[in-house]
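Colleague: First the structure, which I've put down as structure tokens, then a few questions once you've had a look.
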Amino acid sequence: MKISDKTKLIFDEERLFYAEIGRRIKEARIKKYNQFTGKQVKVSLVTLAAALKTTYQQIAKYESAENRIPLIKLVQISKLLKKPLSYFLDDFNGSPDIAIKFNQAFADAIDKLEDNI
């Protein structure tokens, strides 16, 4: 089965989007600051994985964009590393359409959660 050029382009754009999110996760994990001492503290893959109840291999796959990160995991990572969700999603250099779709899906998920409360 041959994949069309348009499909390849969409796949490449999505991969770039998730690669950028992965890069930002790794950056936030490595450059975390202790709120009491102000010193830089590196959060290991194992520590982050344990907090998320997953494996360190899975976190590494998110960071390398081998696997797409589920929205709920991104929210959890955001809270654990004390970074706003916008840190991971704003100023995306690739196709803005992907970021817009992701942000819209996030907003829809929040609306559904609020409706259930």
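Colleague: Out of GLU27, GLU20, which single residue is surrounded by 15 or more Cβ atoms within 10 Å (Cβ to Cβ), in contact (Cβ under 8 Å) with a residue 60 or more places away in the chain and part of a helix (DSSP H, G or I)?
Modeller: GLU20
Colleague: Moving on to the next point. Just checking, how many residues over segment 38-53 are over 15 Å from the mean Cα position of the chain (by Cα) and not basic (Lys, Arg)?
Modeller: 9
Colleague: Across segment 82-117, which residue is nearest to GLY22 (Cα to Cα) among those that are at pLDDT 80 or above and under 12 Å from the mean Cα position of the chain (by Cα)?
Modeller: Residue satisfying both the conditions and the ranking: PHE88.
Colleague: In addition: With respect to GLU63, determine if the residue is out of contact with any Ser or Thr (no Cβ under 8 Å at 6 or more places or on another chain) and modelled with pLDDT of 90 or more.
Modeller: Taking the combined requirement at face value, the residue satisfies it.
Colleague: Let me ask something additional. Would you say LYS26 is under 21 Å from the mean Cα position of the chain (by Cα), closer than 17 Å to TYR87 by Cβ and at pLDDT below 90?
Modeller: Spelling it out, it is not the case that LYS26 is under 21 Å from the mean Cα position of the chain (by Cα), closer than 17 Å to TYR87 by Cβ and at pLDDT below 90.
Colleague: So, one more: Select from segment 68-87 the residues that are in contact with a helix residue (DSSP H, G or I) (Cβ under 6 Å, 6 or more places away or on another chain) and without any contact (Cβ under 8 Å) to a residue 12 or more places away in the chain and list them in ascending order.
Modeller: SER78
The values are calculated or read from the model by the stated rules, or taken from the named source; none is laboratory data. Everything numeric in this text was worked out from a predicted model, so none of it was measured. Methodologically, a virtual Cβ is constructed for each residue, glycine included, from the backbone with ideal geometry; neighbour enumeration extends over all protein chains shown.
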